[in-house]
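The values are calculated or read from the model by the stated rules, or taken from the named source; none is laboratory data. For clarity, every value in this text was computed on a predicted model and none was experimentally measured. In this analysis, Cβ positions are derived from the backbone assuming ideal geometry, glycine residues included, and neighbour counts consider all displayed protein chains. For the accessible areas, the whole protein counts, side chains as well, though only heavy atoms, and no ligand, DNA or RNA atoms are used. Shrake-Rupley method; radii C 1.70, N 1.55, O 1.52, S 1.80 Å.
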Amino acid sequence: MPWNTTNIKAYQQYAKSYISSFNARIDCADLAIAALVDFAAKETLPVKLKYYSSGWQWMEFDPNTMETMKFKQTAMRQLGALNIIDNTKPIQIGLAKSGDLIMSKWSPTLGHTRIIYSVKYDAKNKKFEVIWYQGNLPPVKPEKKTEYFSNVSGIYGGTPRRWKFEQFNK
């Protein structure tokens, strides 16, 4: 089954519940990967992620023919926050939903992933308040954070990001 608008909306609700109830130690990028892959497996949806290793490579998940845990472990071992950036696209903060990401790129080899739980516009202060969950290094149980989006430092590209769901269908 291909990804479509209905599946993406279902993923957004799934991710909200997944990140807020995850109860094991995990790093930031792995939490995002785990939510995506577990949802894809549950709904029999493909995932196709690119990463750089002596040239661009693709890592593909077909839940009809592959073991979910094996793919998830491989993806979590090989991909980090910077690879999440490679597999997402910028979106406006006003369009951000649960499961979207706030990414940081600290250096050519180091980044950070925050998974959005909710976004609310504060009309009085004319700012967007964001609640997110994040893992960390060393791995921790996901931490809940709340801040105005404009106050979050080091946001890659200055905007939230969304998985490139369209690339998963190719």
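Backbone amide hydrogens, once placed in the peptide plane, bring K97 within less than 5 Å of nothing, excluding anything fewer than 5 places away on its chain. Shape analysis of the stretch 86-126 places it in the prolate category; the axes a ≥ b ≥ c from the Cα gyration tensor give an a/c of at least 1.5, with a/b above b/c.
May I have the count of lysine pairs in the stretch 69-155 with C-alpha atoms under 20 Å apart, counting pairs 8 or more residues apart or located on different chains? Value for the stretch 69-155: 14.
The residues neighbouring A81, those whose beta-carbon lies less than 9 Å from its own, together hold a net charge of 0 under the Lys/Arg +1, Asp/Glu -1 convention. Which is farthest toward the positive dipole end of the chain among G135, I93, W106, measuring Cα position about the Cα centre, with Cβ charges +1 (Lys, Arg) and -1 (Asp, Glu)? Checked the options; the winner is I93. Taking other residues whose beta carbon is less than 11 angstrom from the beta carbon of Y14, and scoring Lys, Arg as +1 and Asp, Glu as -1, yields +1.
Restricting the calculation to alpha carbons of the chain gives Rg and Dmax of 15.3, 51 angstrom.
Using the heavy atoms of the protein chains alone and a 1.4 angstrom probe, what is the accessible area of the stretch 76-170 per residue in square angstrom?
Value returned for the stretch 76-170: 52 Å² of accessible area per residue.
Net length available on complete extension from N4 to V140 is 45.7 nm, with 0.36 nm assigned per residue and the Cα-Cα distance removed.
For I116, what is the net charge nearby, where nearby means another residue's Cβ is under 10 Å from its Cβ and Lys, Arg count +1, Asp, Glu -1? Around I116, the charge tally is +4.
I need the peptides 118-127, 103-112 ranked by packing, meaning the mean over residues of other C-beta atoms within 10 angstrom, with the highest value on top. Please list the in-between numbers first.
Details: 118-127: 11.4, 103-112: 14.8.
Descending packing order for the listed peptides: 103-112, 118-127.
If you keep only loop residues by DSSP, which trypsin sites (Lys or Arg not before Pro) in the stretch 1-67 have at most 13 other Cβ atoms within 10 Å of their Cβ? Sparse-neighbourhood loop trypsin sites (Lys or Arg not before Pro): R25.
Once neighbouring chains are kept in place and the probe is 1.4 Å, which whole percent of the accessible area of the stretch 15-83 is contributed by carbon and sulfur? Let's see the in-between values first.
On the way: 1450 of 3370 Å².
Carbon and sulfur: 43 percent of the exposed surface of the stretch 15-83.
What is the gain in length, in nm to one decimal, between M69 and S150 on full extension, counting 0.36 nm per residue of separation less the C-alpha to C-alpha distance?
Working: separation 81, 0.36 × 81 = 29.16 nm, distance 3.68 nm.
Working it through step by step, the gained length comes to 25.5 nm.
How large is the dipole of the stretch 56-170 about the Cα centre if only Lys and Arg carry +1 and Asp and Glu carry -1, each at its Cβ, rounded to the nearest 20 debye? Before the final figure, lay out the partial values.
Details: 18 positive and 10 negative charges, 61 e Å.
The calculated dipole for the stretch 56-170 is roughly 300 debye.
Under the simplified labelling scheme, the S118-Y51 pair shows an inter-label distance of 3.4 nm, with each label point 7 Å from Cα along Cα→Cβ. Hydrodynamic radius of the stretch 55-150 by the Kirkwood approach over all distinct alpha-carbon pairs: 15.3 Å.
When N is the residue count of the stretch 1-64, what does its C-alpha Rg come to as a fraction of 2.2 N^0.38 Å?
Values: Rg = 13.0 Å, N = 64, 2.2 N^0.38 = 10.7 Å.
The stretch 1-64 yields a ratio of 1.21.
Put a dot 7 Å past the Cα of S20, heading toward its Cβ, do the same for E43, and the two dots end up 1.8 nm apart.
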